[in-house]
Amino acid sequence: MNVKLAARFALAAALLLVSGVAFAHHGAAGYDSNKSTTLKGTVTEFRFQNPHAQIFLDVKDSAGKVQNWILEAVGIATLSRSGWTKSILKPGDEITVTGNPAKNASPSMRLTKVVLASGKELGLERGEDYAGQ
């Protein structure tokens with residue numbers, strides 16, 4: 001095989017691998033950072049995972065209809081530095097959350113604040129401790 005051809009093939013393979021990793025992670029572009037929504041509801045599931053932890057929350061609207069929201073937090077390394085663990089939220093927990101709603105009007109948001117039923121706020125940023133502790 002020609003050396004130049006082999007080098008081109010290796011470069012193309014490397015670019016394909018890197019592009020897959022780059023596209024696998026997404027940012028906050030799908031959320032409207034100019035808007036803020038606050039919801040109170042019941043946790044149905046908590047996924048302590050990367051690239052972003054997720055909380056699934058059942059929220060009742062004014063007519064009493066339940067809608068399940070997907071709430072996206074930061075990654076688990078950041079949450080861990082703020083005291084989060086995989087068992088910090090359990091199905092049935094009542095919480096109040098604030099965040100930036102999805103631009104496409106789907107029931108999802110990027111979290112900016114999580115408050116437990118006890119009134120304790122859970123830190124969401126790098127090393128941010130629980131409020132009030």
- Query: Can you name the residue in the range 68-97 that is modelled with pLDDT of 95 or more, surrounded by 16 or more Cβ atoms within 10 Å (Cβ to Cβ) and of a type outside the set (A, V, I, L, M, F, W, C) and, of all such residues, is nearest to the chain's Cα centre (by Cα)?
  - Reply: Glu72
- Message: So, in the range 50-82, how many residues would count as being of a type outside the set (A, V, I, L, M, F, W, C) and without any contact (Cβ under 8 Å) to a residue 12 or more places away in the chain?
- Response: 5
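Restricting the range 25-49 to residues that are exposed (fewer than 11 other Cβ atoms within 10 Å of the Cβ) and closer than 23 Å to Lys86 by Cα, which is modelled with the highest pLDDT? Step through it out loud before you land on a result.
Start the filter on the range 25-49 by keeping residues that are exposed (fewer than 11 other Cβ atoms within 10 Å of the Cβ), which leaves 25-27, 29, 34.
From what is left, the residues that are closer than 23 Å to Lys86 by Cα are 25-27.
Details: His25: 46, His26: 54, Gly27: 64.
My answer is Gly27.
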- Task: Could you check how many residues of the range 84-122 are among the charged types (D, E, K, R) and part of a strand (DSSP E or B)?
- Result: 4
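The values are calculated or read from the model by the stated rules, or taken from the named source; none is laboratory data. Just so it is clear, the model here is predicted, and its values are computed rather than measured. For neighbour counting, all protein chains shown are included, and Cβ atoms are generated from backbone atoms with ideal geometry for every residue, glycine included.
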